[in-house]
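Notes follow the structure.
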């Protein structure tokens, strides 16, 4: 019965991983506090949509492109941002100007992470979390850690089961394989369910936020406001020069 301790280890690790993932998911799915629910704020601003669809970096990209289109900021395809009008109309724009600095020019790859971590973007995220539209940073970390724990439990159970089957005589291998089916099945089902049900909680938007996002951008074959399209779909909707500017290098032009 040398394989029994291996089975116990596999079962304990699988139970811990599944429990951790379930607890993290339930915590993330907890409704918002009374008075701060979605019904009180049925709509989304473009900045809020950008955060729910792509997080702080999407909010930064939206602000950079918005200022560029208003000719208050020049985004060069070489990856540099140049200030044209040093007046920010909101906190995120002021954070952009502050990240660029008094020289009025800075590389965009250096500006984006600074703005993404700025207080106005954090405040935007906190408001969305309070309304139940976004998953908190702590919640995303806990769910990601739970998924890693379940994945580790599945691989460990598979490895220990294989080792245990090789340690026993051939006549006992059927029993060993059947016994290790329990931790393998438990962790495997958690991983499968995680890919369908738990996945929304690993993104920026909660299921409630995703429902609002789904009706914001319209169908992909319909014309949409360029900034709304950027907020919901990302930089892929931009022209090549602006995509190159946000990436920090010039596009490759084929002859």
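The values are calculated or read from the model by the stated rules, or taken from the named source; none is laboratory data. Here the structure is a predicted model, which means the values were calculated and not measured. Using ideal geometry, Cβ is built from the backbone for each residue, glycine included, and neighbour counts are taken over all protein chains shown.
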- request: With the condition kept exactly as written, say whether any residue in the stretch 32-41 is touching a helix residue (DSSP H, G or I) at 6+ places or on another chain (Cβ under 8 Å), more than 19 Å from residue 137 (Cβ to Cβ) and at pLDDT below 90.
  value: yes
task: Answer yes or no: is there a residue in the stretch 43-52 that is modelled with pLDDT under 90 and more than 19 Å from the chain's Cα centre (by Cα).
output: yes
task: Would you mind stating whether residue 132 is part of a loop (DSSP other than H, G, I, E, B) and surrounded by fewer than 14 Cβ atoms within 10 Å (Cβ to Cβ)?
output: no
- request: For the stretch 57-64, state whether one or more residues are touching a strand residue (DSSP E or B) at 6+ places or on another chain (Cβ under 8 Å), at pLDDT 90 or above and more than 24 Å from residue 211 (Cα to Cα).
  value: yes
- request: Report, by residue number, each residue of the stretch 100-109 that is surrounded by fewer than 21 Cβ atoms within 10 Å (Cβ to Cβ) and within 29 Å of residue 213 (Cα to Cα).
  value: 109
The stretch 89-112: number of residues that are in contact (Cβ under 8 Å) with a residue 40 or more places away in the chain and either in contact with a strand residue (DSSP E or B) (Cβ under 6 Å, 6 or more places away or on another chain) or farther than 16 Å from residue 49 by Cβ (or both): 5
- prompt: Quick one: would you say residue 5 is assigned to a helix (DSSP H, G or I), crowded, with 16+ Cβ neighbours inside 10 Å and at pLDDT 85 or above?
  reply: no
- request: Name, by its number, the condition in (1) in a helix (DSSP H, G or I); (2) at pLDDT below 95 that does not hold for residue 87.
  value: (1)
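Quick one: which helices (runs of 4 or more DSSP H) lie wholly within the stretch 138-255 and hold at least 1 residues that are exposed (fewer than 15 other Cβ atoms within 10 Å of the Cβ) and either in contact with a strand residue (DSSP E or B) (Cβ under 9 Å, 6 or more places away or on another chain) or at pLDDT below 85 (or both)?
Once the helices (runs of 4 or more DSSP H) in the stretch 138-255 are filtered for at least 1 residues that are exposed (fewer than 15 other Cβ atoms within 10 Å of the Cβ) and either in contact with a strand residue (DSSP E or B) (Cβ under 9 Å, 6 or more places away or on another chain) or at pLDDT below 85 (or both), what remains is 173-193, 199-202, 207-214, 240-247.
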task: Would you please list the contacts, defined by Cβ atoms under 9 Å and residues six or more apart or on different chains, that run from a residue in the stretch 121-139 that is at positive phi to a residue that is in a loop (DSSP other than H, G, I, E, B)?
output: 132/30; 132/31; 132/32; 132/33; 132/36; 132/37; 132/206
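Considering every residue within the stretch 118-125, establish whether at least one is assigned to a loop (DSSP other than H, G, I, E, B) and within 30 Å of residue 80 (Cα to Cα).
The first filter runs over the stretch 118-125 and keeps only residues assigned to a loop (DSSP other than H, G, I, E, B), leaving 118.
Retained after the next criterion (residues that are within 30 Å of residue 80 (Cα to Cα)): 118.
Checking the stretch 118-125: at least one residue is assigned to a loop (DSSP other than H, G, I, E, B) and within 30 Å of residue 80 (Cα to Cα).
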